[in-house]
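Q: There's a structure below that I have some questions on.
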Amino acid sequence: NAGVTQTPKFQVLKTGQSMTLQCAQDMNHNSMYWYRQDPGMGLRLIYYSASEGTTDKGEVPNGYNVSRLNKREFSLRLESAAPSQTSVYFCASSWTADSNQPQHFGDGTRLSIL
Amino acid sequence: AQKVTQAQTEISVVEKEDVTLDCVYETRDTTYYLFWYKQPPSGELVFLIRRNSFDEQNEISGRYSWNFQKSTSSFNFTITASQVVDSAVYFCALLSNAGNNRKLIWGLGTSLAVNP
């Protein structure tokens, strides 16, 4: 049971390069999320998709775009990477966006922007 | 405003000690949910427990127990007879059911080191 799968696990980019982080879940969840985790800042929501075909901004959306490709996949794109985007990125999914549903997380993508 | 405070940044204990991780939350909503997640050194985030605001019963799962007290807005997590494998960062999170703002508010985490 794979759960939430993120690719790649590690990536180094140069400033200005673009990149797409991939996320797929096999739990038939409706809702998916992208977070970034930084030391001293905790987890911050970048974007989320309550259901297939919808996306909404989270706390820190600037510099990112997302695509809910289908029910299983939710990708995060950095159009022009900046050093401030160096972080660990987590994708998560849940049955719905309702409050009582726990989110299940992928293993994270460690992204460094030089 | 909604907020989660985990005042203990780091805790270090010796194996077999009991340890309590504190979580204090702020919300004006009457319906909300509280969560605990574990992040071991390998980096993944693991869901531990969910509690809704109408259920103040304490919960025990093996060596883990949770004490939810609305009167003090706290949802503390106790590990009994800690083990080295419990070493991780533990996050408390709050989610309100109010309106469309259904986003998890995370605490900054408590790093627990259990030493042999």
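Q: Can you name every residue in the range B:36-87 that is of a type in the set (Gly, Ala, Ser) and more than 12 Å from the chain's Cα centre (by Cα)? Even if it seems obvious, please write down each step before you answer.
A: Of the range B:36-87, the ones of a type in the set (Gly, Ala, Ser) are B:42-43, B:53, B:61-62, B:65, B:71, B:73-74, B:81-82, B:87.
B:Ser42, B:Gly43, B:Ser53, B:Ser61, B:Gly62, B:Ser71, B:Ser73, B:Ala81, B:Ser82, B:Ser87 - these are the residues of the range B:36-87 that are of a type in the set (Gly, Ala, Ser) and more than 12 Å from the chain's Cα centre (by Cα).
Q: For A:His29, all conditions in the list (1) out of contact with any His (no Cβ under 9 Å at 6 or more places or on another chain); (2) buried (at least 16 other Cβ atoms within 10 Å of the Cβ) hold save one; what is the number of the exception?
A: Result: A:His29 passes all but (1).
Q: The conditions are (1) open to solvent by 40 Å² or more (accessible area, probe 1.4 Å); (2) at pLDDT below 90; (3) under 22 Å from A:Phe105 (Cβ atoms), and B:Leu95 fails exactly one of them. Which is it?
A: The number of the failed condition is (1).
Q: I would also like to ask the following. For B:Lys3, state whether it is basic (Lys, Arg), closer than 21 Å to A:Gly42 by Cβ and open to solvent by less than 50 Å² (accessible area, probe 1.4 Å). Please lay out each step first, then the result.
A: Numbers: basic (Lys, Arg): yes; closer than 21 Å to A:Gly42 by Cβ: yes; open to solvent by less than 50 Å² (accessible area, probe 1.4 Å): no.
Spelling it out, it is not the case that B:Lys3 is basic (Lys, Arg), closer than 21 Å to A:Gly42 by Cβ and open to solvent by less than 50 Å² (accessible area, probe 1.4 Å).
Q: Another question, if that's okay. Enumerate the pairs (first residue in the range B:66-84 and at positive phi; second residue anywhere and among the β-branched types (Val, Ile, Thr) and buried (at least 16 other Cβ atoms within 10 Å of the Cβ)) with beta-carbon separation below 7 Å, excluding pairs fewer than 6 apart on the same chain, so at least 6 apart or on different chains.
A: Close Cβ pairs satisfying both conditions: B:Ser73/B:Val24.
Conditions tested, residue by residue: (1) more than 11 Å from chain A (Cβ to nearest Cβ); (2) outside any helix (DSSP H, G or I).
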position	(1), (2)
B:Trp36	no, yes
B:Ile49	no, yes
B:Gln57	yes, yes
B:Ile60	yes, yes
B:Asn67	yes, yes
B:Ser71	yes, no
B:Thr78	yes, yes
B:Ser82	yes, yes
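Q: Name, by its number, the condition in (1) away from every other protein chain (no Cβ under 13 Å); (2) at pLDDT below 95 that does not hold for A:Ile113.
A: If we test A:Ile113 against (1) away from every other protein chain (no Cβ under 13 Å); (2) at pLDDT below 95, just (2) comes out false.
Q: For the range A:16-114, which strands (runs of 3 or more DSSP E) that fit wholly inside it have 3 or more residues that are in contact with a strand residue (DSSP E or B) (Cβ under 8 Å, 6 or more places away or on another chain), free of Cβ contacts under 8 Å to residues at least 24 places away in the same chain and under 28 Å from B:Thr5 (Cβ atoms)? I'd like the intermediate steps shown before the answer.
A: On the way: elements: A:19-25, A:31-38, A:42-49, A:64-68, A:74-78, A:87-94, A:109-113.
Where strands (runs of 3 or more DSSP E) fall fully within the range A:16-114 and carry at least 3 residues being in contact with a strand residue (DSSP E or B) (Cβ under 8 Å, 6 or more places away or on another chain), free of Cβ contacts under 8 Å to residues at least 24 places away in the same chain and under 28 Å from B:Thr5 (Cβ atoms), they are A:42-49.
Q: Okay, moving on. With the requirement that a residue be more than 14 Å from every other protein chain (Cβ to nearest Cβ) and buried (at least 21 other Cβ atoms within 10 Å of the Cβ), what does the range A:1-23 give you?
A: Once the filter is applied, which keeps residues that are more than 14 Å from every other protein chain (Cβ to nearest Cβ) and buried (at least 21 other Cβ atoms within 10 Å of the Cβ), the range A:1-23 yields only A:Leu21.
Q: Go through (1) buried (at least 16 other Cβ atoms within 10 Å of the Cβ); (2) more than 30 Å from A:Thr109 (Cβ to Cβ) for B:Asn58 and report which single condition fails.
A: So B:Asn58 meets the others, but not (1).
Q: Among the residues of the range B:12-24, is there at least one that is without any contact (Cβ under 8 Å) to a residue 24 or more places away in the chain and farther than 18 Å from B:Asn115 by Cα?
A: Within the range B:12-24, the subset without any contact (Cβ under 8 Å) to a residue 24 or more places away in the chain is none.
Among the residues of the range B:12-24, not one is without any contact (Cβ under 8 Å) to a residue 24 or more places away in the chain and farther than 18 Å from B:Asn115 by Cα, which makes the answer no.
Q: With B:Ser42, B:Ser12 as the choices, which residue is among the small types (Gly, Ala, Ser) and more than 26 Å from A:Tyr33 (Cβ to Cβ)?
A: Values: B:Ser42 fails: more than 26 Å from A:Tyr33 (Cβ to Cβ).
Just one listed residue meets the conditions, B:Ser12.
Q: Have a look at B:Val13, B:Val46, B:Val84, B:Val114 and point out the one that is open to solvent by less than 20 Å² (accessible area, probe 1.4 Å) and either charged (D, E, K, R) or out of contact with any helix residue (DSSP H, G or I) (no Cβ under 8 Å at 6 or more places or on another chain) (or both). Give the steps one after another, and end with the answer.
A: Values: B:Val46 fails: open to solvent by less than 20 Å² (accessible area, probe 1.4 Å); B:Val84 fails: open to solvent by less than 20 Å² (accessible area, probe 1.4 Å); B:Val114 fails: either charged (D, E, K, R) or out of contact with any helix residue (DSSP H, G or I) (no Cβ under 8 Å at 6 or more places or on another chain) (or both).
Unique residue meeting the criteria: B:Val13.
The values are calculated or read from the model by the stated rules, or taken from the named source; none is laboratory data. Given the structure is predicted, the values throughout are model-derived calculations rather than measurements. Neighbour counts are summed over all protein chains in view; Cβ atoms, including those assigned to glycine, are modelled from backbone coordinates with ideal geometry. Surface accessibility is based on the protein's heavy atoms, side chains included, excluding ligands, DNA and RNA. Shrake-Rupley method; radii C 1.70, N 1.55, O 1.52, S 1.80 Å.
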